[in-house]
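Take a look at the structure set out below.
The values are calculated or read from the model by the stated rules, or taken from the named source; none is laboratory data. This is a predicted model, so every value here is computed, not measured. Cβ atoms come from the backbone with ideal geometry, glycine included; neighbour counts cover every protein chain shown. Side chains are part of the model used for accessible areas, which takes the heavy atoms of the whole protein and leaves out ligands, DNA and RNA. Shrake-Rupley method; radii C 1.70, N 1.55, O 1.52, S 1.80 Å.
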Amino acid sequence: MKENKISSAVIKRLPRYYRYLGELLEQGVERISSGELSKRMKVTASQIRQDLNNFGGFGQQGYGYNVEYLRREIGKILGIDKKHNMIIVGAGRLGQAIANYDSFSKSGFVIKGIFDTDENIIGQSICGVEVMHVSKVAEFIKKNDIDIAAFTLPKSHVGEMATIVADAGVSGIWNFAHTDLNLGNKVVVENVHLSESLMRLSYNIADNSKKKKR
C-alpha cells in the first residue's frame, strides 16, 4: 500500500464507501464498477477511482471492484477490522442514545463502561452496561484496555475529564460537548457539533428554496 499523505477529504469519504458497500453486500451484489457505484453514491466515477488509488486501487480494468474484498480492505484502512473498547462519559439522553445504537458494536466499537455524576442514574443498566461514578473512570480505563472515550457531558467539565482519560491511556476522544478539544499528539480528538450540522441543513434548505424561485 502506498505511504502517500492522504487528504482529510478522502478520509471523510471512506466511511461512506464502507456503508454503501455494506448495503451492496446485503443486496447480494458481488461486483461493481466505479460508474455503477458513482450513480448510487452521487460521487463521480473519477473521484472514486482517485480516492481508492490513494490506497492501491483495488479494482481490475474490465472487471470493476469485488464488493466484499473492497469493503474488507476499506475496513482495514479505517481500523475497524479490530475491536475498539469504548466508554461513555455522560449518561444523559445523548449518552444513552449512543449506548443503545447497536451498529457501533457491529463495526467493532464495544461499549464497556458508562459514567456519570448523577446518583439517580448510577447503578442503573443501559443496554446491559452499568452506569458508574466518574471517579472510577481512570481506574476502569487502565483495567479494561479502553481505546476511546465518548464525551456527552457539559463543556465546563470537558477539559478536566480530557486530562483524566488521556493520562489513563485512551487513544482517542469522541467529543460531543459544545467546545473544541485539542490535546496535540497525546490523544486523537474528533469534535462533533450536532448544531453545526443542523445549521448546514438549514442553509441548504434556504438555498434550495431560492433556486426554486428563480
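Some notes on this structure:
- Being in a loop (DSSP other than H, G, I, E, B) and more than 30 Å from SER135 (Cα to Cα) is a description that does not apply to ASP51.
- Some residue of segment 113-128 being open to solvent by 30 Å² or more (accessible area, probe 1.4 Å), farther than 14 Å from ILE88 by Cα, among the polar types (S, T, N, Q) and within 16 Å of the chain's Cα centre (by Cα): no
- Within the set ALA206, ALA177, the sole residue that is open to solvent by less than 70 Å² (accessible area, probe 1.4 Å), small (Gly, Ala, Ser) and touching a Lys or Arg at 6+ places or on another chain (Cβ under 8 Å) turns out to be ALA177.
- Test: residue in segment 180-190 that is outside any loop (DSSP other than H, G, I, E, B), open to solvent by 40 Å² or more (accessible area, probe 1.4 Å) and not hydrophobic (A, V, I, L, M, F, W, C): yes
- So HIS178, is it without any contact (Cβ under 8 Å) to a residue 40 or more places away in the chain and more than 23 Å from ASP102 (Cα to Cα): yes
- Top-ranked residue of segment 65-88 - restricted to ones that are closer than 28 Å to ALA177 by Cα and touching an Asp or Glu at 6+ places or on another chain (Cβ under 8 Å), ranked as surrounded by the most Cβ atoms within 10 Å (Cβ to Cβ): MET86
- Residues that are open to solvent by less than 100 Å² (accessible area, probe 1.4 Å), in a helix (DSSP H, G or I) and out of contact with any Leu (no Cβ under 7 Å at 6 or more places or on another chain) within segment 21-35 comprise GLY22, GLU23, LEU24, LEU25, SER34, GLY35, listed in sequence order.
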